[in-house]
Structure formats: C-alpha cells, structure tokens
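The values are calculated or read from the model by the stated rules, or taken from the named source; none is laboratory data. It should be emphasised that the depicted structure is a prediction, and the values quoted were computed from it without experimental measurement. Methodologically, a virtual Cβ is constructed for each residue, glycine included, from the backbone with ideal geometry; neighbour enumeration extends over all protein chains shown.
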Amino acid sequence: MAESLTIARPYAQAAFLYANTQQALGEWSEMLELLAAIVADPGMASLVDSPRLTHAQRADLFIDIGAERLNDKGRNFIRLLAESRRLKLLPEIAVLYEIQRREAEKTVRAELISAFPVSDAHKAAITAALKKRLGREIELGCSTDSTLVGGAIIRAGDLVIDGSVHGKLERLGGTLNH
C-alpha cells in the first residue's frame, strides 16, 4: 500500500496542480472518483491486467465508460496512466488528490458515527464545534452503528473523539485489567 501511494503521489499532484490552475478542483474530483470506481469494479480489474489489450485499448475502455463525464484533459490523463501502466493506482490517486484539495480549500472531511440517527440541530452544533476547534470548514458525513450502544464517534483527519458507550466500556475494562 505504501509503495502504491508513493507511486500515485506525483500523478495526484499533477492532477491537482492542473485542476487548481484551471479552477476546476470539483470537476477533477468527480472525474477521479468516477475513474477510481471504474478500476475498483472486479470485472474491470481483470481487463486492466489483461495481456490481450494494448495500452490504447485500456485507455479507450475507460474513456468510453466515462463518456461525457470526462473532459479532454481527463481523457489525456487516462491515456498517460494506461501508457505508464498505472491505471490500477486510480483509487490512490483520487484519495491523494482529495487530500490536497481539502488542504487548499481549508476543509476537513469529518465522519460522525452514532448509535442512533442524529438531528439536523445536533449535526449543525457538531459542525460548528469542529470548525471552531480545527479552524477549517467542515464537511460532515453521518452514519449509524448500533454496536456503539449509545453516544457517537467523530473522526476528522487525525482527530478521533470516541464518546460512544462501547468505547467507554472498553476503556473502563482496560483500566480495570491494569
């Protein structure tokens, strides 16, 4: 994984730099997300590795699937990746690109995992508190996990706040065992 991230980094940086100069960060996010989903499909994975296809045929396959959702520079990016045998790195490229985009836009993607659905008022309060603490705009994603029993877990970058009942019980058990 670390090696693939190292190889993917220059491609993600190049895509970011180009998108940033063209003020097309969102458009490139969408393209890279689509391309990462295409390469992640099990059927496509076998085609990407197929010795029967040339680099140009692999690129054309991605371009055909992406169709109008890819601009000319996106198509050129696919051709470059196919020629360099790097199509499999698209998921890593997309992740690294998004990290750079969020850094440039001063945003943080936060995830709120709660035992029960959270009201809009609570989401707004959590978003405001995270914005104040981190000094950045917050993109809050929410999900539920009944195994938490109660409470919630918030993940924002490197920050993890575990206020779940499950987490508190684990910490209590760890303290009692020591």
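Yes/no per residue for (1) farther than 16 Å from ALA19 by Cα; (2) of a type in the set (Gly, Ala, Ser); (3) touching a Leu at 6+ places or on another chain (Cβ under 9 Å); (4) in contact (Cβ under 8 Å) with a residue 12 or more places away in the chain:
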position: SER46; (1), (2), (3), (4): yes, yes, no, no
position: ALA56; (1), (2), (3), (4): yes, yes, no, yes
position: ALA59; (1), (2), (3), (4): yes, yes, yes, yes
position: ILE63; (1), (2), (3), (4): yes, no, yes, yes
position: ASP72; (1), (2), (3), (4): no, no, no, no
position: ASN76; (1), (2), (3), (4): no, no, no, no
position: GLU83; (1), (2), (3), (4): yes, no, no, yes
position: LEU89; (1), (2), (3), (4): yes, no, yes, yes
position: VAL108; (1), (2), (3), (4): yes, no, yes, yes
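Name the residues in the stretch 49-79 that are charged (D, E, K, R), more than 17 Å from ALA24 (Cα to Cα) and part of a helix (DSSP H, G or I), would you?
Step one: filter the stretch 49-79 for residues charged (D, E, K, R), giving 49, 52, 58, 60, 64, 68-69, 72-73, 75, 79.
Imposing the further condition that a residue be more than 17 Å from ALA24 (Cα to Cα) reduces the set to 49, 52, 58, 60, 64, 79.
Listed by number, the residues that qualify are ASP49, ARG58, ASP60, ASP64, ARG79.
Scanning the stretch 128-140 for residues that are out of contact with any helix residue (DSSP H, G or I) (no Cβ under 6 Å at 6 or more places or on another chain) and not in a loop (DSSP other than H, G, I, E, B) yields ALA128, ALA129, LEU130, LYS131, LYS132, ARG133, LEU134, GLU137, GLU139. Restricted to the stretch 78-119, and to residues there that are under 18 Å from GLY150 (Cα atoms) and not hydrophobic (A, V, I, L, M, F, W, C), the residue that is nearest to the chain's Cα centre (by Cα) is GLU111. Can you find, within the stretch 44-66, the residue that is surrounded by the fewest Cβ atoms within 10 Å (Cβ to Cβ) among those that are farther than 21 Å from SER4 by Cβ and within 22 Å of the chain's Cα centre (by Cα)? It comes out as ILE65. Among the numbered conditions (1) loosely packed, with under 14 Cβ neighbours inside 10 Å; (2) in a helix (DSSP H, G or I); (3) under 19 Å from the mean Cα position of the chain (by Cα), the only one that SER143 does not meet is (2).
Checking the condition over 15 Å from the mean Cα position of the chain (by Cα), under 16 Å from ILE93 (Cα atoms), among the hydrophobic types (A, V, I, L, M, F, W, C) and assigned by TED's automatic domain parsing to the domain that holds ALA82, which residue from ALA14, ALA24, ALA36 passes? I'd like the intermediate steps shown before the answer.
Working: ALA24 fails: under 16 Å from ILE93 (Cα atoms); ALA36 fails: over 15 Å from the mean Cα position of the chain (by Cα).
After ruling out the rest, the residue left standing is ALA14.
Check whether at least one residue in the stretch 81-100 is on the phi > 0 side of the Ramachandran plot and part of a loop (DSSP other than H, G, I, E, B), and report yes or no. Looking for residues that are on the phi > 0 side of the Ramachandran plot and part of a loop (DSSP other than H, G, I, E, B), one finds at least one in the stretch 81-100, hence yes.
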